[in-house]
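Below is one structure, written out as structure tokens, with a few remarks after it.
The values are calculated or read from the model by the stated rules, or taken from the named source; none is laboratory data. Predicted model only: the values in this text are computed from it and were never measured. Note: ideal-geometry Cβ built from the backbone for every residue, glycine included; neighbour counts use all protein chains shown.
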Amino acid sequence: MKQLLLVAMLGLSLSAKAAVGIGPISQPDNGSNSAGCIPASEMTQIAKDFTQFSNLSGKEFCNDNSQTAYLLAGIEFIRKVQFTQPMTNSADQLFKNNFSGDWNKYLTNLIHTFQIEQSCPVGVIAFVYGFFHQNTMHVCPAALTNAFTPLDLASVFMHEARHIEGYPHTTCSQGPRAGLNGACDSKISDTGSYDVTVETYAQLGQYGKDINPAYRALAQASSFIYAAEAFQTPVQINKDEAFLALNTDREMYQIDSGLKAATKIGATANFGHIAKSKMGLILIPEDKNLPMSRVFITGETTPIAGEYNDNAATRGNVVDYYFAWTWNARIEKNKVQFFCDKRQNPTQSVVVQLGAGEALSVVYPEGYTPEKNYAYVTTTKGTVKISCEGSTGQIVAANNVTVDTDLKRVHKAGSTMLGLTNDGQLLNLSANSKRVDLGLGTVVDVTSFTRATFFDKK
């Protein structure tokens, strides 16, 4: 009988590069691996559940940056993570307590062996064969690096275990995964493997105990994104849109979409430009010697993997980035580098010269629409439209969009369009460019963000 391969796909985004500790809760200190250890008593229990580790039974295991170390970090996280009680269902479809019981018992009942693979197809991080009584999980090299936290691995392991119970995927017919075989579930109410992914991340993001705030925010973003892109039938997600402003004191303020009030919610360590991505916000530091990082609305940051951070010598001309679901663009003063196929060829790119003028900023007069294959960039000679239409980079005049060069940023939340001038003033572009004064001082950057309201519940 032909066996069916069931896979977990890598998210279509920049990976979160964070410290992977052996302990159950990792701390994203400086991006380096934790030197934590799993106690001998814990290794004895792990070896009972997974006999492949019998040679490590009764011995302390310390992180040596090996694939085995990363695998054990994920297993240990599932064993030790705890949650606040009670865990109330969300009012939408993000969390329904479908998989909120004993995670370790669920995993060990279904998975008896982990096999580390040395080669996997692009985008695959783990897989199982068949449904019933095929109790081996195959884990790919991409999952066993510091691009995945133990929190991520816990969700992946739970996702794959669900396949053993007879829940396959289907081919996506729409959205960012359109055409990808086995990359979607039909609907979230079927409680298949992607429901496991959504719910485990939601549970960690809302109810996980002692989880670092940056990782908690990543879990919340992951739940939101998988719910938005991995189902044929759209998932009900209750969400809210707002603006985020950074002032000269490095203070972060949340501004409601009606521009009525601002609330201080955090601070950043460094100045920079806040770019948008599907997994949240990206800080491009003003100091080009510093790496790009993921930034949360409270101001905390974690490092990310990407070509910007890998090539420090080429950062000087970078003006902005555009991150979509299936493509990225690196905007420099005189050219745009397009990465048009993040799904199959994430490092392949094409460079297109800008032509007249110099690039200033990505602007979002239509809001952030990462499912679309185009974006707008202001230049010293007007506004242009950049796109990956036809799977190749293109730059054309934006005939239907005009942005004044005095505007440094343009963002939209709900029906409100907000602009930031070069001298730090906020303008309501939906109300004849009326000045918005909320007592924030001089604003150096502004963006918009969308958040699932479930995670606002205390």
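Criterion applied to Gln337, Gln348, Gln353 was being free of Cβ contacts under 8 Å to residues at least 12 places away in the same chain and in the same structural domain as Glu286 (by TED's automatic domain parsing), and the one residue passing it is Gln348. Of the residues making up segment 75-103, just one is among the charged types (D, E, K, R) and without any contact (Cβ under 8 Å) to a residue 12 or more places away in the chain, namely Asp102.
Conditions (1) loosely packed, with under 15 Cβ neighbours inside 10 Å; (2) over 22 Å from Trp103 (Cβ atoms); (3) small (Gly, Ala, Ser), marked per residue:
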| residue | (1), (2), (3) |
| --- | --- |
| Ile38 | no, no, no |
| Thr44 | no, no, no |
| Asp49 | no, no, no |
| Gly58 | yes, yes, yes |
| Asn65 | yes, yes, no |
| Arg79 | no, no, no |
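Scanning segment 172-200 for residues that are more than 18 Å from the chain's Cα centre (by Cα), among the small types (Gly, Ala, Ser) and surrounded by fewer than 24 Cβ atoms within 10 Å (Cβ to Cβ) yields Ser173, Ala178, Gly179, Gly182, Ser186, Ser189. Here Ser54 passes the criteria (1) closer than 23 Å to Ser222 by Cβ; (2) modelled with pLDDT of 95 or more; (3) assigned to a helix (DSSP H, G or I) except the one numbered (1). Against the list (1) without any contact (Cβ under 8 Å) to a residue 24 or more places away in the chain; (2) in contact with a Lys or Arg (Cβ under 9 Å, 6 or more places away or on another chain); (3) surrounded by fewer than 22 Cβ atoms within 10 Å (Cβ to Cβ), the condition Pro303 fails is (1). Can you spot a residue in segment 164-174 that is of a type in the set (Phe, Trp, Tyr), in contact (Cβ under 8 Å) with a residue 40 or more places away in the chain and not assigned by TED's automatic domain parsing to the domain that holds Thr302? No, because not a single residue in segment 164-174 is of a type in the set (Phe, Trp, Tyr), in contact (Cβ under 8 Å) with a residue 40 or more places away in the chain and not assigned by TED's automatic domain parsing to the domain that holds Thr302.
One residue alone among Ser155, Ser189, Ser223 is part of a helix (DSSP H, G or I) and either of a type outside the set (S, T, N, Q) or within 20 Å of Lys80 (Cα to Cα) (or both), and that residue is Ser155.
Looking at this structure, is Thr379 within 27 Å of the chain's Cα centre (by Cα) and either of a type in the set (Gly, Ala, Ser) or in the same structural domain as Ser430 (by TED's automatic domain parsing) (or both)?
Against the criterion (within 27 Å of the chain's Cα centre (by Cα) and either of a type in the set (Gly, Ala, Ser) or in the same structural domain as Ser430 (by TED's automatic domain parsing) (or both)), Thr379 does not qualify.
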